[in-house]
Amino acid sequence: MTYWTLTESDIDRIAIGVGILGTGGGGSPYLQLLIAKQMLREGKRIRMIRPRDLADDAQILGLGGIGAPTVSIEKMEEGHEGVRVLKAIEAHTGRRIDAVLGDEVGGGNGIYPMITAARLDLPVVDADGMGRAFPEVQMTSFFAYGQATQPAALSDADGNTLVITQASTPEMLEKLMRTATVAMGCTACMTTAPMTGEFVRRYGIAHTTSQAWTLGDAVLRARAAKTDPIASILAEAGGTFLMKGKVTDISRRIAGGFVRGVLTIAGLDADAGRTMTIDIQNEYLVATEGDRRLTMVPDLICIVDSETGRPIGTEEQRYGLRVAVLALPAPPILRTEPALRLMGPRAFGYDFDFVPLGQSAEARPVAAYDTSEPVLMGALP
């Protein structure tokens, strides 16, 4: 097995990429970027491993933030929440965690597990359960294909830690965790139940951190060459350009632990005269022009600065921003019937079925794995 040891330059690229894949949610990557870089400067290491390198019986734990993105940028985390939930799960199960991953690669949650991994010197699996960000706990490929609902855990910046030892369904787990998160101030660290390496290989979305790195690298290379970063994103991800425009209205509120609202964008330049609205529940859900639906979950609606390609989260949207709206195809596993039941339009209360936009493709691991030092999963230091 080989691993990819991240540098500060890698973190810069991943932060841009997870912002794009976050579809507006997952929390701002900025704070996580700063923390990850500081960990590296302190001599800690962040090691990525491919799903194929996991032992069948390895214990893998998904970590991430839960709550409203608008709260997470104001209510600072303490920094050891991930360690607390991991140790709580180890204490409950009596088994050591071998590696961590993110339940979602999108936004700050694409970097979040790296912080805990660096503190405990654990590897991070180059995979997640969404290939993007989604607002609810149960909305992962893992739950679509049978992940256990317990034990799960939450911890907040004040040290309050909760272990959920019984939840009847993934949807009930979401309700329990969401209620606790609201009590914790609308932002916390969460983990779902441990998974085996074999389960992650079968039902995880592989190489999504690699995909984030590649997207971020494409943006930075375009900026350096003074070429169009939007075209670079689309060329790399196989996406569809929807519109260039200006934000003319943003209706945004916190309700039930989520950011909900509607974003309105008026077309500019070649798109002048067009108007697009995008529904929000932490993430961008459905893009509509007039009575025509342009794209919808689980496909990704990504909004970036029209000049620099910088991803713009729902919490950052404001009147006057010049943006480009892109649609990226969801990973193939998210377009299956079991996944659509949890993550398709009807799961969000819409009265229509999913209509895909573009061809799905599997993400590829970065070339860095080919030159990494080999290690054995069963003999991690």
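Please calculate the 1.4 Å probe accessible area of residue 336, with all protein chains present, and give it to the nearest 10 Å².
Solvent-accessible area, nearest 10 Å²: 40 Å².
For the chain, find the longest principal axis of its Cα atoms and tell me its angle to the long axis of helix 208-225, 0 to 90°, nearest 10.
Tilt of helix 208-225: around 50 degrees.
Given all pairs of different Cα atoms, what value in angstroms does the Kirkwood hydrodynamic radius of region 1-155 take?
Here the Kirkwood hydrodynamic radius works out to 15.6 Å.
Given H placed on each backbone N at 1.01 Å, which residues far from residue 286 in sequence or on other chains put an amide H within less than 5 Å of it?
Sorted by chain and number, the residues that satisfy this are 279.
For n ≥ 4 DSSP H runs only, could you compute -39500 (n - 2.57) per run for the chain, divide by its residues and tell me the 222 nm figure to the nearest 500?
-8500 deg cm²/dmol
Taking θ = phi - 60°, what integer Hz values does the Karplus form 6.51 cos²θ - 1.76 cosθ + 1.60 yield along region 297-311, in sequence order, with x for Gly and Pro?
Karplus values, whole Hz, x for Gly and Pro: 4, x, 4, 8, 9, 10, 10, 10, 4, 5, 9, 9, x, 5, x.
Once amide H atoms are placed 1.01 Å from N in the peptide plane, what residues at a sequence separation of 5 or more from residue 125, or on another chain, have their amide H within under 5 Å of its amide H?
Those qualifying (amide H under 5 Å, at least 5 residues apart or on another chain) are 49, 100, 101.
To the nearest 10 square angstrom, how much accessible area does residue 74 have with a 1.4 angstrom probe?
Accessible area of residue 74: about 150 Å².
So how do 283, 315, 198 rank on accessible area, 1.4 Å probe, biggest first, that is with the largest at the start?
The most accessible residue leads, giving 198, 315, 283.
Pop out the carbon and sulfur fraction of the accessible area of the chain as a percent, whole number, probe 1.4 Å.
C and S atoms contribute 51 percent here.
Per-residue HN-Hα couplings for region 34-41, Karplus 6.51 cos²θ - 1.76 cosθ + 1.60 at θ = phi - 60°, whole Hz, x for Gly and Pro?
4, 5, 4, 5, 5, 4, 5, 5
If you count the DSSP beta bridges with both ends in region 1-142, what percent of them are antiparallel, to the nearest 5?
Antiparallel: roughly 30 percent of the beta bridges in region 1-142.
Enter the Cα centre distance for the pair region 15-59 and region 239-263, rounded to the nearest angstrom.
Using only Cα atoms to place each centre, the spacing works out to 26 Å.
Sorted by accessible area with a 1.4 angstrom probe, largest first, how do 4, 213 fall?
Output order, biggest surface exposure first: 213, 4.
Per-residue accessible area for residue 163 at 1.4 Å probe radius, Å² rounded to 10?
Accessible area, nearest 10 Å²: 50 Å².
Can you say what percent of the DSSP beta bridges in the chain, counting only those with both residues inside, are antiparallel? Round to 5.
Roughly 90 percent of the DSSP beta bridges within the chain come out antiparallel.
For the chain, with a Gaussian network of springs between Cα atoms less than 10 Å apart, report the residue from 139, 195, 172 with the top mean-square fluctuation.
In the Gaussian network model the winner is 172.
Once you keep just the Cα pairs under 8 angstrom separated by 6 or more residues, what percentage relative contact order results for region 264-371?
Relative CO of region 264-371 lands at 19 percent.
Please list 87, 175, 75 in order of solvent-accessible area, largest first, computed with a 1.4 Å probe with all protein chains present.
The most accessible residue leads, giving 175, 87, 75.
How large is the accessible surface per residue of the chain, computed with a 1.4 Å probe and reported in Å² as a whole number?
38
When the chain is treated as a GNM, springs tying every alpha-carbon pair under 10 Å, which of 248, 191, 209 comes out with the largest mean-square fluctuation?
248
Round to the nearest 10 and give me the degree value, 0 to 90, for the angle of helix 8-21's Cα axis relative to the longest principal axis of the chain.
Roughly 60 degrees between the two axes.
Among 249, 299, 269, which one shows the biggest mean-square fluctuation in a GNM of the chain, springs joining Cα atoms closer than 10 Å?
269
The values are calculated or read from the model by the stated rules, or taken from the named source; none is laboratory data. Small disclaimer: the values here were computed from a predicted structure and weren't measured. With ligands, DNA and RNA removed, areas are computed over all heavy atoms of the protein, side chains included. Shrake-Rupley method; radii C 1.70, N 1.55, O 1.52, S 1.80 Å.
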